Amino acid sequence: MRELDIGEVVKRSGVPASTLRYYEQLGLLRPLGRRGQRRQYDEQVLERLALIGLGQAAGLSLQQIGLSLPQQGCITLDRKALLAQADVLQQQIAQLQRVRRHLQRAAACPQAEDARQCGSFRKLLRAQQRMAGG
C-alpha cells in the first residue's frame, strides 16, 4: 500500500485540497494520518474520489454517496441502487428531451411573433404548471 500526501492526491485526482478536507468532514474520506502538516492518504483514495465524482454526475447527493461507501475495506456497490439511479436518470433525460423539443418549436414558431404565444410553448408551460401542482 502506497501512501500519498494531500498534494499528490490533488495533482493526480484534480480535486482541490479544500474539497478533500470537506469530504473528510462529511466522512467520505479518512486520511491515514499526517506527516508534518500534510495529510496522508491510502492510494485507494483515488478510486474513492472517482466514485464520488461518478455519483455526483449521476445526480446523487454527497449524503447518498456516503451511505454507499464503506469507511474502510473493499468498496462494493449495490446493483439495485445503481439500476434505480439509472432509471431516475433515464426519466430526467426523457423530460429534458421533451423540454428541448418544445423550446425548439417555440423558437421556430411561425404562428406567433412572441415565442410565449406559440402553441408548443403554451403546452410546455401548462405541463410545468401541472408538475408544480398549480
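Some observations on this one:
- Of all residues in region 22-41 being among the small types (Gly, Ala, Ser) and over 18 Å from the mean Cα position of the chain (by Cα), the one that is surrounded by the fewest Cβ atoms within 10 Å (Cβ to Cβ): Gly36
- Members of region 105-134 found to be part of a loop (DSSP other than H, G, I, E, B) and among the aliphatic types (A, V, I, L, M), listed by number: Ala108, Ala112, Ala132
- Search result, residues across region 101-134 that are under 27 Å from Ala58 (Cα atoms), open to solvent by 100 Å² or more (accessible area, probe 1.4 Å) and of a type in the set (S, T, N, Q): Gln104, Gln129
- With respect to (1) within 30 Å of Ala17 (Cβ to Cβ); (2) surrounded by 11 or more Cβ atoms within 10 Å (Cβ to Cβ), the lone exception for Arg98 is condition (1).
- The residues of region 1-32 that are of a type in the set (A, V, I, L, M, F, W, C) and without any contact (Cβ under 8 Å) to a residue 40 or more places away in the chain, listed by number, are Ile6, Val10, Val15, Ala17, Leu20, Leu29, Leu32.
- Residues in region 42-64 that are among the aliphatic types (A, V, I, L, M) and either over 23 Å from the mean Cα position of the chain (by Cα) or not in a helix (DSSP H, G or I) (or both): 2 in all.
The values are calculated or read from the model by the stated rules, or taken from the named source; none is laboratory data. Computed from a predicted structure; not experimentally measured. Here Cβ is always computed from backbone atoms with ideal geometry, including for glycine, and neighbour counts include all displayed protein chains. Note: areas computed on protein heavy atoms with side chains; ligands, DNA, RNA excluded. Shrake-Rupley method; radii C 1.70, N 1.55, O 1.52, S 1.80 Å.
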